[in-house]
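Colleague: Below is a structure I'd like to ask you about.
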Amino acid sequence: MSFLHTYARYPLQIETGEGCRLRATDGRWYLDGIAGIAVMALGHGHPAVKTAVHAQVDALMHVSNLYSVGVQTELAALLSRTFGGGSVFFTNSGSEANETAIKLVRKYHSRRGDPRHEVVVLEHAFHGRTLMALSMTPKPRYQEGMGPMADGVVVCRAEDAAAAVGPRTAAVVVEPVQGEGGCRPVEVLPELRAACDAHGALLVYDEIQCGLGRTGSLHHDPEPDIRTLAKALGGGLPLGAVVAGPHLADTFQPGDHGSTFGGNPVACAAGLATLRTILDEGLVERCKVAGARLRAGLESTGVEVRGVGLMLAAVVGEAAPAVVTAMRERGVLVCPAGPDAIRFLPPYVISDAEIDELVTAFAGAWDEAGSS
Ligand SMILES: Cc1ncc(COP(=O)(O)O)c(C=O)c1O
């Protein structure tokens with residue numbers, strides 16, 4: 001076997017995709033209820049993204065960050081306009097965006113003559129697999145054998161997190177809606193904002209999975225100091241970003257941080273086409289409306305549903321793997337979320353008929369594999 005054994009893959013080889021459908025090498029088309037784990041917001045093969053990528057490949061694929069590239073500048077400007085005049089640093093992944101955010105947080109405090117490195121995170125959080133990101137991901141299964149973890153990470157239940165913020169806290173890092181942890185909306189964001197303000201700590205939203213409109217909103221109130229993005233941002237190519245509030249614009253100086261591929265022109269072309277389409281075609285609102293339909297359909301089967309917009313989890317307990325398999329046999333792809341749920345993260349462009357198809361497959365699978 002030519003791979004390290006990190007992935008327990010499903011027994012399917014995917015060869016092409018169109019809209020919300022994927023075709024496997026067995027010739028069968030599947031409805032994609034997971035969109036490459038919250039990546040393919042516009043579905044597969046969207047013409048705007050394909051055209052932009054093809055043109056960028058023809059023009060220029062890579063020059064590094066030694067030079068400016070128009071498409072990168074345009075995407076940074078659009079992100080800045082979308083997110084309150086923030087300043088952008090591009091990365092290749094979500095984990096790298098979170099690593100960057102923590103370096104920015106540390107530098108901010110150090111430049112103010114008050115070095116701090118303590119970070120408050122929530123239980124059920126997932127912030128990535130690189131070492132700092134993993135240290136902020138309090139899941140023993142993921143951390144086991146990988147230690148030592150980074151120093152100064154304080155893990156709290158959501159209801160205890162504001163009280164854990166103090167004069168040594170550098171930042172609170174939180175997913176406004178926890179993704180891998182099972183589509184759990186975090187209800188204490190105002191309390192976290194107030195605690196950060198009271199103690200001079202920074203509030204960082206990891207919007208890597210829940211950002212860019214999937215929850216039916218581009219903004220999760222109150223505003224953070226820093227947000228991290230990835231997944232949907234690259235429209236299917238590897239791209240992440242840190243968007244830091246205007247008060248942090250001068251925190252990094254040349255040489256403080258960098259990334260060879262971060263902001264790659266082809267990835268930025270895909271990202272620009274994706275973000276423009278999301279904004280111009282009202283797809284954030286569509287996530288809200290489509291999400292309400294999906295939620296109602298799932299709830300009609302009697303299960304508890306967690307989440308917001310098109311980021312939903314059906315709580316099915318230990319039956320989760322069996323329900324995923326039974327849905328796949330019915331031609332619909334989903335995956336588990338946390339230990340007790342399965343996740344629905346379809347493309348924003350999913351139609352009402354496709355939502356109903358998801359629900360019908362879930363109902364049948366749950367009936368067969370789970371509810372007994
Ligand atoms: C909320 C959140 N943060 C960070 C990450 C890590 O992103 P990546 O896998 O691109 O490093 C993920 C990936 O699932 C995520 O959902």
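The values are calculated or read from the model by the stated rules, or taken from the named source; none is laboratory data. None of these values were measured; they are calculated from a predicted model. FYI the Cβ positions are ideal-geometry reconstructions off the backbone, even for glycines, and counts take in every protein chain you see.
Colleague: When you go through (1) closer than 20 Å to Val173 by Cα; (2) under 19 Å from the mean Cα position of the chain (by Cα); (3) buried (at least 21 other Cβ atoms within 10 Å of the Cβ) one by one for Leu75, which number turns out not to apply?
Modeller: Result: Leu75 passes all but (1).
Colleague: Mind checking which residues of region 14-59 are touching a Phe, Trp or Tyr at 6+ places or on another chain (Cβ under 7 Å) and farther than 27 Å from Gly70 by Cβ?
Modeller: Arg21, Leu22, Arg23, Ala24, Gly33
Colleague: Follow-up. Quick one: in region 215-239, of everything that is assigned to a loop (DSSP other than H, G, I, E, B) and within 11 Å of the ligand (Cβ to nearest atom), which residue is surrounded by the most Cβ atoms within 10 Å (Cβ to Cβ)?
Modeller: Here the answer is Leu239.
Colleague: Pick out the one residue from Glu207, Glu180, Glu175, Glu159 that is among the acidic types (Asp, Glu) and surrounded by fewer than 20 Cβ atoms within 10 Å (Cβ to Cβ).
Modeller: Exactly one residue qualifies, and that residue is Glu159.
Colleague: Right, something else. Quick one: in region 31-43, which of the residues that are outside any loop (DSSP other than H, G, I, E, B) and buried (at least 21 other Cβ atoms within 10 Å of the Cβ) is nearest to the ligand (Cβ to nearest atom)?
Modeller: So the residue we want is Ala38.
Colleague: Would you call Val154 within 15 Å of the ligand (Cβ to nearest atom), at pLDDT 95 or above, assigned by TED's automatic domain parsing to the domain that holds Glu96 and not in a loop (DSSP other than H, G, I, E, B)?
Modeller: Taking the combined requirement at face value, the residue does not satisfy it.
Colleague: Another one. Taking the stated definitions as given, is Thr130 touching a His at 6+ places or on another chain (Cβ under 9 Å), within 13 Å of the ligand (Cβ to nearest atom) and not hydrophobic (A, V, I, L, M, F, W, C)?
Modeller: Numbers: touching a His at 6+ places or on another chain (Cβ under 9 Å): no; within 13 Å of the ligand (Cβ to nearest atom): yes; not hydrophobic (A, V, I, L, M, F, W, C): yes.
Here the answer is no, as Thr130 does not meet what is asked.
Colleague: Right, here's the next one. Report yes if some residue within region 127-149 is in contact (Cβ under 8 Å) with a residue 40 or more places away in the chain and either touching a Cys at 6+ places or on another chain (Cβ under 8 Å) or not assigned by TED's automatic domain parsing to the domain that holds Glu99 (or both); otherwise report no.
Modeller: So far as region 127-149 goes, no, none of its residues is in contact (Cβ under 8 Å) with a residue 40 or more places away in the chain and either touching a Cys at 6+ places or on another chain (Cβ under 8 Å) or not assigned by TED's automatic domain parsing to the domain that holds Glu99 (or both).
Colleague: Let me ask you something else. Mind listing whichever residues of region 240-252 are within 21 Å of Asn98 (Cβ to Cβ) and more than 24 Å from the chain's Cα centre (by Cα)?
Modeller: Those that are within 21 Å of Asn98 (Cβ to Cβ) and more than 24 Å from the chain's Cα centre (by Cα): His247, Thr251, Phe252.
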